[in-house]
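Asker: Okay, here's the structure, questions in a sec.
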Amino acid sequence: MARILLVHGSCHGAWCWRDLIPELTALGHDAFAIDLPSHGTDTTPMAEVTLDLYAQAILDALDGPTIVVGHSMAGYPISRAADLRPANIARLVYLCAYVPWDDHSLVEMRLRAPRQPILKALEKSADGQSFSVIPEHAREVFYHDCPDEAVAFALANLCPQPIRPQATKVTLGANYESVPRSYIRCEADSAIPPEFQATMAADFSPDQVRHMPTSHSPFFAAPAALARHIDTLARHDPPGPPAS
């Protein structure tokens, strides 16, 4: 059994893991999720949110060796958390997530991708501090293979995403490099191009890269299959045929 922390991506919250947590629990794991600052039920003012505040929230949630799963933009804060204090991080699992490049912000990395399909679904706030998901494009970009009920649930819970953490450059050092890493690629992703996910995972050990035939939201589209992938990584099993 492993202890597993689930960290959401942009505009989401701990709520997005509602279908995955019971699947991981059924496999014998202790899985839990947090709201990053200014997401979900967290009331931190948006103007106060930084990348390091995200990272500290992750570190504060750890009380022993834990596998940390980060979705999408959460690749940045989970990486920064590992670089700040790796002691309780047993493994980082990037779920169709950004893997930071030296001296790059997430915004800069997004622009390095060969395509920008996510931009049609995002709208910047008038004050320039945040962006939000445009509802009419949400299914196409994030949830195209998800059940209707799950899409409605997501649309009812999405929140503005502070831009400042995503505009912060990072360069990661020895602490980060000491932590084992895995990547789960989503091959039908319309938010982060699958070919860019392959580029970001290119230097991962091949037996630590898994594949799913899903959209950007496998926690809704295929929670049981996603749980099996995480279970395999947690147990250090040799890779088998991709679950579907």
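Asker: Over the chain, what is the mean sequence separation of C-alpha contacts under 8 Å (at least six apart), divided by residue count, expressed as relative contact order in percent? Write down the numbers at each step before the final one.
Answerer: Numbers: 501 pairs, mean separation 54.5, N = 244.
Over the chain, the number comes to 22 percent.
Asker: Let me ask something else. What are the residues whose amide H is under 5 Å from the amide H of residue 3, where those residues sit 5 or more places off or on another chain and H is modelled from the backbone?
Answerer: 30, 67
Asker: Let's test the formula: R0 of 35 Å, r as the Cβ-Cβ distance of residue 84 and residue 148. What FRET efficiency results, to the nearest 0.05? If you can, show how the numbers build up before the last one.
Answerer: On the way: r = 40 Å, r/R0 = 1.16.
So the FRET efficiency works out to roughly 0.30.
Asker: Okay, helix-only estimate at 222 nm for the chain: each DSSP H run of n ≥ 4 adds -39500 (n - 2.57), divide by all residues, round to 500 deg cm²/dmol; what do you get?
Answerer: Numbers: 10 runs with 80 residues, N = 244.
Estimated from H runs of four or more residues: -9000 deg cm²/dmol.
Asker: Please arrange 1, 46, 212 by counting, for each residue, the other beta carbons lying within 10 Å of its beta carbon, fewest first.
Answerer: Numbers: 1 11, 46 17, 212 22.
Going from least to most buried by this count: 1, 46, 212.
Asker: Continuing with this model, one more query. D for region 76-122, whole µm²/s, Stokes-Einstein with Kirkwood Rh over alpha-carbon pairs at 25 °C and 0.890 mPa s: what number?
Answerer: On the way: Rh = 12.4 Å.
Using the Kirkwood radius from Cα pairs, D works out to 199 µm²/s.
Asker: Top mean-square fluctuation among 92, 111, 122, Gaussian network model of the chain, C-alpha springs under 10 Å?
Answerer: Taking springs between Cα atoms under 10 Å, the residue moving most is 111.
Asker: Looking at the chain, which Cys residues are left with no other cysteine's beta carbon under 4.7 Å from theirs?
Answerer: Within the chain, the cysteines lacking a partner Cβ under 4.7 Å are 11, 16, 146, 159.
Asker: I would also like to ask the following. Give me the distance between the Cα centres of region 101-120 and region 185-226, rounded to whole Å.
Answerer: That distance is 17 Å.
Where a number appears in this text, it was derived from the coordinates with a stated rule and is not lab data. It should be emphasised that the depicted structure is a prediction, and the values quoted were computed from it without experimental measurement. Heads up, the Cβs are rebuilt from the backbone with ideal geometry, glycines too, and the neighbour counts pull from every protein chain shown.
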